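**Student:** Sharing a structure with you now.
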């Protein structure tokens, strides 16, 4: 049945609410004005220039990119074998382990951040790289395991069994056959883990210090204190990185394959 | 290949980064804060008593619950026409329309709040329109108050509502509505008598999920409220980092977790009865 | 000389009331092809997987060339397996698929390449060596799987429904190819199928399986002409089934008449008679048979090379299958004739 005009109107309102902030951020990042005035008094790239000239924010961007890369690698290294075990092996307590690995997603990030602060501060690990890496790896891990469990599950068991019958040990079969076939899923999982870490704000707020801060935290602090279009340019930079990562995955493996739909 | 060995790295990360911290959170909620504000190791419910006995806590709880309920309701109600449109759209449009509905999830929450500040601020889009139309002479305050927080939270919850509804309504056969139409029902009647009752379980699921997410939301209340809006999440943050009263922060966090656990149990029970 | 011996193989899956495989024992000479034939769920694939080491038996032994391999994991058994889905490695070329098993055995590159070429030649796919499985037809994929299994020079070749994924048109040709190839390389082979034509056409020995047990092990002729159990008689080939009661040794009362049979249980037993349609033929005037019955044609079904006549007789409804052109093949519905069949072609099983 074709949608009626009432449905179209209401759906338009819904989409307007969903997309308005992103569109406005994009426009206002090119504002020539001094404040978050909309419509902007004129257009320029002055706030992008200001962003690139801002040493503090650029350093935070670099730190966030490094942190997110390290987290993606760790989450994959820990998540791949765990996902393989959950998808392929039978062992007692498998369901309990799967639930434990998904558990961090059930708790509010605010509570996780507080808990990590209380745990890491006495160990002098708050506001340190190891502390941030541990915290971000913990929140990224469930995503990596979930995607990879699906990806490994989509590799037919018979293919792995065929490798065994041809003389491959279970370890070699997993590394030579199952892992390469599930590689698009691993690429998607790595990209998602990167983004989870790169955009993570709340937990980081508890764990950063004056000398070690991430870009989302810097942006949060900036919005708390000032309202000029620099922060819109910064928001665009974050969106740009997210988009670049998504496109990279698409380019490398194709989205449908990455999501295991091919 | 041993399963234990394969699971070891993941379990180590979770033990160090999740189980130990959360257990410690529970332990610290049983400590006490001395009169000079230092934490004293103890095994007492005194902090819980202090938090629960404080009228401010109940005000926060009420604020949080009403904010989350209102925003979750609005997000679910606004997501419904979006998802119905996706469902009725030609197949080649469906992918793009779905992507547009959940795309905001890929954009950091803070970035979207910058957009709302530009739309709702004193010099923002809405006020410019209102003044341009001659409806107001003074800017209407839409940020740094509850109005701004409600709008921002509704928007940030909508993609989740869309996800739940897309999954829930996708299973619904569109021919049912066509059947109603052939039997003489108008669009409105079809919606009220066929679509809405069939969509009810999905709507309930969407509301409950967004409610739970809304209860623990922090970034939106903090930034859209401009420090003038207080909910449980902002209070936990302030207790931990401004007041540095760890036992109180931990106790409030434990109470929040308890409330979420109750909500989760209620949700499971409600979903089961809705499906039956 | 016995090459493969199964001794009381039993496997029970958790949560199922009956064992999937229940005490399977059999012996297979070197170079022979054994078909495990049975309906789905009869345990034939589980038996094959236990031979390959992909499934561990609860009890029983798998013995290959007098060596007990029951405890060996699949990668140490040296058995070439062709899976129902072929299970080709999608990220490797046909040549790399075939080379995989040789690589696992640490065979040097030069020899490996020679043996890959040899195996691909054997299945006629030398020109397709560089293609990925997704760029091969179903029949070609099947042959790559076969080449991959043969390249390791396996002690046993195991085929799990290798024809089921192919078009009906291709099946007969591939069936003959596999048989010819198997005989050329002399591989002792176990072949799982639910298709009796495949089993009868290809195998040296057929094991008919039902509910986890081997009902009969014999040559295709034995299984078809002298079914040992009622199940085998029903599952392999078609037959008219008539209820009756044994009157005297060699005589069964059936409907309104006495039917002569070669072997019967003790008199008084309730039995079922099985008579294959191709054993029943119309009797010309003056001819006779062990059993001769008056019949009236109820239905005539023409299927090309064969005409099936479903007839009412005093013993019950019988179907005769005649080749076109043989006397009686043109009998019309309602016409009367005499049908005859030999006592040795009547199989009698307790009801």
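**Student:** Could you check, for the range A:38-51, whether at least one of its residues is under 29 Å from residue B:210 (Cβ atoms), at the interface with chain B (Cβ under 10 Å from one of its Cβ atoms), outside any helix (DSSP H, G or I) and at pLDDT below 95?
**Tutor:** Looking through the range A:38-51, at least one residue is under 29 Å from residue B:210 (Cβ atoms), at the interface with chain B (Cβ under 10 Å from one of its Cβ atoms), outside any helix (DSSP H, G or I) and at pLDDT below 95.
**Student:** Further, regarding this structure: Take residue C:144 and decide whether it is within 14 Å of chain A (Cβ to nearest Cβ), buried (at least 18 other Cβ atoms within 10 Å of the Cβ) and farther than 20 Å from residue C:39 by Cα.
**Tutor:** Working: within 14 Å of chain A (Cβ to nearest Cβ): yes; buried (at least 18 other Cβ atoms within 10 Å of the Cβ): yes; farther than 20 Å from residue C:39 by Cα: yes.
Yes, satisfied.
**Student:** Just to verify a result, which residue in the range B:25-45, among those that are crowded, with 18+ Cβ neighbours inside 10 Å and modelled with pLDDT of 90 or more, is nearest to residue A:88 (Cα to Cα)?
**Tutor:** Going through the qualifying residues, I end up with B:25.
**Student:** For the range A:144-158, name all the residues that are within 10 Å of another protein chain (Cβ to nearest Cβ) and either closer than 15 Å to residue A:84 by Cα or within 19 Å of the chain's Cα centre (by Cα) (or both).
**Tutor:** Across the range A:144-158, the qualifying residues are A:144, A:145, A:155, A:156, A:157.
**Student:** Please work out which residue is nearest to the other protein chains (Cβ to nearest Cβ), limiting yourself to the range A:209-243 and to residues that are part of a loop (DSSP other than H, G, I, E, B) and either closer than 19 Å to residue B:224 by Cα or in contact with a strand residue (DSSP E or B) (Cβ under 8 Å, 6 or more places away or on another chain) (or both).
**Tutor:** Within the range A:209-243, the match that is nearest to the other protein chains (Cβ to nearest Cβ) is A:227.
**Student:** Using the structure shown, decide if residue C:308 is in contact with a helix residue (DSSP H, G or I) (Cβ under 9 Å, 6 or more places away or on another chain), farther than 20 Å from residue C:255 by Cα and surrounded by fewer than 18 Cβ atoms within 10 Å (Cβ to Cβ).
**Tutor:** For residue C:308, the condition - in contact with a helix residue (DSSP H, G or I) (Cβ under 9 Å, 6 or more places away or on another chain), farther than 20 Å from residue C:255 by Cα and surrounded by fewer than 18 Cβ atoms within 10 Å (Cβ to Cβ) - is met.
**Student:** Identify, by number, the condition in (1) at pLDDT 85 or above; (2) closer than 23 Å to residue A:19 by Cβ that residue B:170 doesn't meet.
**Tutor:** (1)
**Student:** Moving on to the next point. Look at the range A:168-208 and say how many of its residues are within 12 Å of chain C (Cβ to nearest Cβ), crowded, with 22+ Cβ neighbours inside 10 Å and not in a helix (DSSP H, G or I).
**Tutor:** 2
**Student:** To continue, here is another question. Among the candidates B:233, B:206, B:217, single out the residue that is at pLDDT 90 or above, crowded, with 23+ Cβ neighbours inside 10 Å and within 28 Å of residue A:7 (Cα to Cα).
**Tutor:** That would be B:206, the only listed residue that is at pLDDT 90 or above, crowded, with 23+ Cβ neighbours inside 10 Å and within 28 Å of residue A:7 (Cα to Cα).
**Student:** In addition: Being more than 25 Å from the chain's Cα centre (by Cα), in the same structural domain as residue C:179 (by TED's automatic domain parsing) and under 27 Å from residue C:5 (Cα atoms) narrows it down to one of C:125, C:102, C:136, so name that one.
**Tutor:** C:102
**Student:** Find the residue count for the range B:1-52, including only residues that are touching a strand residue (DSSP E or B) at 6+ places or on another chain (Cβ under 8 Å) and part of a helix (DSSP H, G or I).
**Tutor:** Going through the range B:1-52 one residue at a time, the tally reaches 3.
**Student:** Another question about this same structure. In the range A:132-143, is there at least one residue being buried (at least 24 other Cβ atoms within 10 Å of the Cβ), more than 27 Å from residue B:258 (Cβ to Cβ), facing chain B (nearest Cβ under 8 Å) and touching a residue at least 24 places away in the same chain (Cβ under 8 Å)?
**Tutor:** For the range A:132-143, residues buried (at least 24 other Cβ atoms within 10 Å of the Cβ), more than 27 Å from residue B:258 (Cβ to Cβ), facing chain B (nearest Cβ under 8 Å) and touching a residue at least 24 places away in the same chain (Cβ under 8 Å): present.
**Student:** Which residue, of A:10, A:67, is out of contact with any strand residue (DSSP E or B) (no Cβ under 8 Å at 6 or more places or on another chain) and either exposed (fewer than 14 other Cβ atoms within 10 Å of the Cβ) or in contact (Cβ under 8 Å) with a residue 24 or more places away in the chain (or both)? Show your work before the answer.
**Tutor:** Values: A:10 fails: either exposed (fewer than 14 other Cβ atoms within 10 Å of the Cβ) or in contact (Cβ under 8 Å) with a residue 24 or more places away in the chain (or both).
Of A:10, A:67, the one residue that is out of contact with any strand residue (DSSP E or B) (no Cβ under 8 Å at 6 or more places or on another chain) and either exposed (fewer than 14 other Cβ atoms within 10 Å of the Cβ) or in contact (Cβ under 8 Å) with a residue 24 or more places away in the chain (or both) is A:67.
**Student:** Also: For the subset of the range A:99-113 comprising residues that are within 7 Å of chain B (Cβ to nearest Cβ) and surrounded by 23 or more Cβ atoms within 10 Å (Cβ to Cβ), which member is farthest from residue B:7 (Cα to Cα)?
**Tutor:** A:110
**Student:** Scanning for something without any contact (Cβ under 8 Å) to a residue 40 or more places away in the chain and either in contact with a strand residue (DSSP E or B) (Cβ under 8 Å, 6 or more places away or on another chain) or within 9 Å of chain A (Cβ to nearest Cβ) (or both), does the range B:192-215 turn up at least one residue?
**Tutor:** Looking through the range B:192-215, none of the residues is without any contact (Cβ under 8 Å) to a residue 40 or more places away in the chain and either in contact with a strand residue (DSSP E or B) (Cβ under 8 Å, 6 or more places away or on another chain) or within 9 Å of chain A (Cβ to nearest Cβ) (or both).
**Student:** Continuing with this model, one more query. Exactly one condition in (1) touching a residue at least 40 places away in the same chain (Cβ under 8 Å); (2) crowded, with 18+ Cβ neighbours inside 10 Å is not met by residue C:216; state its number.
**Tutor:** So the condition that residue C:216 fails would be (1).
**Student:** May I ask you to say which residue of C:223, C:185, C:192 is in the same structural domain as residue C:33 (by TED's automatic domain parsing) and under 27 Å from residue C:13 (Cα atoms)?
**Tutor:** On the way: C:223 fails: under 27 Å from residue C:13 (Cα atoms); C:185 fails: under 27 Å from residue C:13 (Cα atoms).
Just one listed residue meets the conditions, C:192.
**Student:** Which of the following residues is more than 12 Å from chain A (Cβ to nearest Cβ), in contact with a helix residue (DSSP H, G or I) (Cβ under 9 Å, 6 or more places away or on another chain), farther than 30 Å from residue A:40 by Cβ and in contact (Cβ under 8 Å) with a residue 24 or more places away in the chain: B:80, B:84, B:73?
**Tutor:** B:73
**Student:** Now for a different question. Within the range B:217-238, can one find any residue that is within 12 Å of chain A (Cβ to nearest Cβ) and at positive phi?
**Tutor:** Scanning the range B:217-238 turns up at least one residue that is within 12 Å of chain A (Cβ to nearest Cβ) and at positive phi.
**Student:** So which residues in the range A:114-131 are within 15 Å of residue B:20 (Cβ to Cβ), more than 8 Å from chain B (Cβ to nearest Cβ) and assigned to a helix (DSSP H, G or I)?
**Tutor:** Matches in the range A:114-131: A:130, A:131.
**Student:** Failed condition for residue B:21, given (1) without any contact (Cβ under 8 Å) to a residue 40 or more places away in the chain; (2) more than 14 Å from every other protein chain (Cβ to nearest Cβ), with all others met?
**Tutor:** Checking residue B:21 against (1) without any contact (Cβ under 8 Å) to a residue 40 or more places away in the chain; (2) more than 14 Å from every other protein chain (Cβ to nearest Cβ), the one that fails is (2).
**Student:** In the range B:94-139, what count of residues is obtained for those that are touching a helix residue (DSSP H, G or I) at 6+ places or on another chain (Cβ under 6 Å), part of a loop (DSSP other than H, G, I, E, B) and within 10 Å of chain A (Cβ to nearest Cβ)?
**Tutor:** 3
**Student:** With respect to the numbered conditions (1) farther than 26 Å from residue A:178 by Cβ; (2) in a helix (DSSP H, G or I); (3) in contact (Cβ under 8 Å) with a residue 40 or more places away in the chain, which one is the sole condition not fulfilled by residue A:74?
**Tutor:** Answer for residue A:74: the failing condition is (1).
The values are calculated or read from the model by the stated rules, or taken from the named source; none is laboratory data. Predicted, not measured: the structure shown is a model, and the values here were computed from it. Please note: Cβ atoms are built from the backbone with ideal geometry, for glycine as well, and neighbour counts cover all protein chains shown.
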